[in-house]
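One structure is given here, and the rest of the page talks about it.
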Amino acid sequence: MSNYHIKHFEEYYHIYRKSINNPEGFWEELAEEHFVWHKKWDNILSWNFETPEVKWFEGAKLNVAENCIDRHLRTRANKTAILFEPNDPNEPVQHITYQELYNRVCKMANVLKQQGIKKGDRVCIYLPMIPELAVSLLACARIGAIHSVVFAGFSSSALEARINDSSSKIVITSDKSYRGSKTINIKEIVDDALKKCDSVEKVLVVQRVDGQVEMQQGRDLWLQPLLDEAEADCPIEIMDAEDPLFILYTSGSTGKPKGMVHTSAGYMVYTAYTFKNIFQYKENDIFWCTADIGWITGHSYIVYGPLANGATTVLFEGVPSYPDFGRFWETIEKHKVSIFYTAPTAIRSLAKESLEYVEKYDLSSLKVLGSVGEPINEEAWHWYNDNIGKKHSPIVDTWWQTETGGILISPIPFVTPTKPTYATLPFIGVQPALMDDEGNELKGNQVDGKLCIKFPWPGIARTIWGDHERYKETYFSTYKGKYFTGDGAFRDEVGYYRITGRVDDVIIVSGHNLTTAPIEDAINEHPAVAESAIVGFEHNIKGNALYGFVMLKETGEYRNQDNLRKEINQQISDKIGPIAKLDKIQFVEGLPKTRSGKIMRRILRKIANNDLSNLGDTSTLLNPEIVDSIINDVL
Ligand code: WTA
């Protein structure tokens with residue numbers, strides 16, 4: 001029996017038990033059989049969730065890019081590694097074979113070296129979803145540089161904060177980007193960000209659109225001529241198992257984003273193994289994950305997981321609504337996609353359009369459907385199951401986080417019976433625990449609590465870049481000796497998990513994690529604003545949308561409040577990005593506060609969700625009268 005590929009439910013239980021009873025033995029066997037090592041480990045696992053410290057495969061030597069590309073050349077040189085579907089469906093598709101990917105990655109790696117990048121240097125990548133994006137990640141991995149991808153929808157100040165936090169030496173970007181019918185000048189955003197980034201020496205620019213951008217002499221270089229000159233061979237840098245592979249920022253509750261650090265061996269083993277099983281990947285499958293590589297889902301399940309398995313992975317530049325709402329389904333037919341992985345927010349937005357967009361296309365190539373990023377509601381689940389999967393492609397509702405590197409709770413298709421809105425069972429090696437508010441682990445089934453993980457898995461982030469204390473504080477201090485996820489969950493009568501949502505100040509809007517504090521900071525910088533509080537409210541497409549309660553300095557002065565609303569949203573757009581804009585802004589005379597001065601978001605959340613039945617005791621507030629006035633003006 002192969003532990004690498006789980007095919008039956010009994011096998012799942014058997015392998016799961018093995019992975020819990022003897023984690024070291026289990027992961028060692030898997031790592032040994034399925035990856036290329038230049039030296040084996042001295043120690044499989046050392047860990048301590050209090051310091052906290054986790055090391056997997058310590059002492060081993062490897063290169064992740066070699067595992068994703070070079071080792072496939074013997075058997076898969078002419079197989080498509082990356083299938084690039086451009087924004088414009090009439091633009092030719094690119095089938096990049098493993099051999100071509102090897103050449104392109106080597107050239108890019110040589111260009112980076114030529115520009116002075118060495119092992120351990122940070123390279124910031126701010127690119128649209130074009131092949132150069134995946135190539136840049138792999139080129140960094142090849143030479144041991146640490147990539148820090150910033151989603152190319154982020155604003156210049158968000159980009160600036162991430163470049164400075166990681167002290168990136170180089171930025172790789174493009175002139176402009178296509179997004180549906182729009183063209184965005186992303187080079188301008190980079191120029192703006194770089195006004196305050198001293199660490200950046202060079203900017204490498206891909207020409208994706210017309211090349212009509214300003215180039216700063218001595219700093220900015222067009223990439224293509226450098227690639228044309230570069231050698232198509234570049235030796236790998238031999239890395240230690242625990243050398244960082246990348247930094248990826250996730251939102252933090254203070255203004256500063258958290259740079260999650262993932263290391264080489266454990267991340268590779270975990271993403272490869274989860275990819276293989278959670279999508280039941282087979283050699284001739286065409287796999288399409290619609291996420292952006294700027295998020296962890298794209299890192300793990302567009303680039304590293306699929307390529308480590310020698311798969312064909314689709315890289316889609318466009319949006320689901322361009323040229324019309326049939327784009328996803330058209331693309332599935334066009335490339336005979338067999339595994340399709342998307343987000344509930346995309347499903348909901350397409351479900352509200354006419355079914356004709358779906359029915360026009362032949363979706364019979366599909367075998368497995370996936371969902372990620374937020375809880376999938378029952379209606380969306382059924383729409384996806386009925387209309388896309390035609391009731392015969394199991395839906396894997398995959399729960400995980402930037403911090404976890406790979407999927408932790410999910411059904412295995414054709415193995416685990418699915419249940420709408422349930423992520424079902426822990427993956428191999430994953431030991432969840434539900435905690436009550438007193439810090440006790442809840443035993444048995446039919447319990448609701450805060451979701452923690454008790455034991456390390458190979459893909460866990462090792463630290464926050466430059467701030468280990470914050471890593472400890474955020475994830476390991478709420479429940480002693482356990483990794484706290486920030487999510488709530490329910491365990492049903494058979495032990496299936498249902499994720500109930502965030503229990504902290506993170507709000508998930510269209511699958512993007514947003515923390516309230518930095519958005520409030522952005523609003524409060526507006527000269528007319530005294531104070532603000534943001535909460536989430538239910539939204540039928542985005543899942544959650546943002547509701548802002550804003551108190552002005554002088555309530556009488558700003559009569560034209562719609563303009564003010566626009567200005568506030570512009571301010572958020574500039575500081576964070578358009579994804580963080582507020583759907584509703586209510587101007588209030590005051591915010592409900594506790595006697596110690598803390599804003600009572602719980603009350604505001606209920607008001608925003610029109611749930612006035614149980615506001616709780618408001619008499620203990622510092623200013624109880626304000627609650628009625630806010631309710632009266634609710635939008
Ligand atoms: C939420 C995305 C319910 C959850 C991979 C988590 C989910 C956060 C699911 C991490 C799911 C992700 N069901 N909730 N299947 N998947 N989440 O870091 O709240 O962008 O903590 O990683 O998304 O978001 P992140």
* Asked: Any idea what the relative contact order of the chain is, in percent, if you count C-alpha pairs under 8 Å spaced at least 6 apart?
  -> 12 percent
* Asked: Which value, in debye to the nearest 20, describes the size of the charge dipole of region 1-120 about its Cα centre when Lys and Arg Cβ atoms bear +1, Asp and Glu Cβ atoms bear -1, and nothing else is charged?
  -> 580 debye
* Asked: Any idea which of 270, 217, 286 is furthest toward the positive side of the dipole for region 213-287, if Lys and Arg beta-carbons carry +1 and Asp and Glu beta-carbons -1?
  -> 270
* If you place +1 on the Cβ of every Lys and Arg, -1 on the Cβ of every Asp and Glu, and leave all else neutral, what size is the dipole of region 510-633 about its Cα centre, to the nearest 20 Debye? -> 320 debye
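Subtract the Cα-Cα distance of residue 184 and residue 91 from 0.36 nm times their separation in residues, and report this length gain in nm to one decimal. Numbers along the way, then the final one.
Numbers: separation 93, 0.36 × 93 = 33.48 nm, distance 1.82 nm.
Contour length minus the Cα-Cα distance gives 31.7 nm.
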* Asked: Do you know the relative contact order of region 96-244, to the nearest whole percent, from alpha carbon pairs under 8 angstrom that are 6+ apart?
  -> 28 percent
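Going through region 576-635, which trypsin sites (Lys or Arg not before Pro) have at most 15 other Cβ atoms within 10 Å and a DSSP loop state? Each step should come with its number before you reach the end.
Working: sites: 581, 584, 593, 595, 598, 601, 602, 605, 606; in loops: 581, 595, 598.
Qualifying residues, ordered by number: 595, 598.
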* Asked: By DSSP, what percent of the beta bridges with both residues in region 303-413 are antiparallel, rounded to the nearest 5?
  -> 10 percent
* What is the mean projected area of the alpha carbon convex hull for the chain, to one decimal in square nanometres? -> 28.2 nm²
* Structure fact -> Lone Cys, the chain, Cβ cut-off 4.7 Å -> 68, 124, 140, 197, 289, 452
* State the answer as a single residue: which of 577, 81, 385 lies farthest towards the positive end of the charge dipole of the chain, with beta carbon charges of +1 for Lys and Arg and -1 for Asp and Glu, about the Cα centre. => 81
* residue 414 versus residue 167, label points 7 Å from Cα toward the beta carbon: distance in nm? -> 5.1 nm
* Structure fact -> Note on region 510-633: alpha-carbon gyration tensor, axes a ≥ b ≥ c; rule is a/c under 1.5 for rounded, else prolate if a/b larger than b/c, else oblate; result oblate
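Pull out the extension gain between residue 492 and residue 22, defined as 0.36 nm times the separation in residues minus the alpha carbon to alpha carbon distance; nm, one decimal.
Details: separation 470, 0.36 × 470 = 169.20 nm, distance 2.67 nm.
Contour length minus Cα-Cα distance gives 166.5 nm.
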* Structure fact -> In this structure, the FRET efficiency calculated for residue 115 and residue 541 from their beta-carbon separation, with R0 = 56 Å, to the nearest 0.05, is 0.85
* To do: Taking 7 Å along the Cα-to-C-beta vector as the label spot, tell me the residue 625-residue 282 distance in nanometres, rounded to one decimal.
  => 7.2 nm
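Would you work out the charge dipole size for the chain about its Cα centre, treating the Cβ of every Lys and Arg as +1 and the Cβ of every Asp and Glu as -1, and quote it to the nearest 20 debye?
On the way: 69 positive and 85 negative charges, 136 e Å.
The calculated dipole for the chain is roughly 660 debye.
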* **For a label point 7 Å along the Cα-to-beta-carbon line of residue 201, residues of region 209-230 with backbone N under 16 Å** => 218-221
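So in region 96-244, what percent of DSSP beta bridges are antiparallel if you round to the nearest 5?
Counting only bridges with both partners in region 96-244, antiparallel ones make up about 15 percent.
In percent, what relative contact order does region 1-118 have, based on Cα pairs under 8 Å that are 6 or more apart in sequence?
On the way: 105 pairs, mean separation 16.8, N = 118.
Over region 1-118, the number comes to 14 percent.
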* Structure fact -> Per the rule of 0.36 nm per residue minus the C-alpha distance, extending residue 32 to residue 13 adds in nm 4.6 nm
* Structure fact -> For residue 176, the aspartates and glutamates lying under 16 Å Cα to Cα, once residues fewer than eight places off in the same chain are dropped, come out as 88, 132, 188, 191, 192, 210, 214, 220, 317
* Among 552, 475, 527, flag the residue with its Cα farthest along the positive direction of the charge dipole of region 455-579, charges on Cβ as +1 for Lys/Arg and -1 for Asp/Glu. => 475
* Förster radius 25 Å - calculated FRET efficiency between residue 554 and residue 635, Cβ distance, rounded to 0.05 -> 0.75
* To do: Measure up 182/581; 419/482; 419/480 against 24 Å on the Cα-Cα distance and list the ones that go over.
  => 419/482; 419/480
* Asked: In the chain, what percentage of the DSSP-assigned beta bridges are antiparallel, given to the nearest 5?
  -> 60 percent
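Where a number appears in this text, it was derived from the coordinates with a stated rule and is not lab data. Here the structure is a predicted model, which is why all the values come from computation and not from measurement. We place every Cβ from the backbone using ideal geometry, glycine too, and count neighbours over all the protein chains shown.
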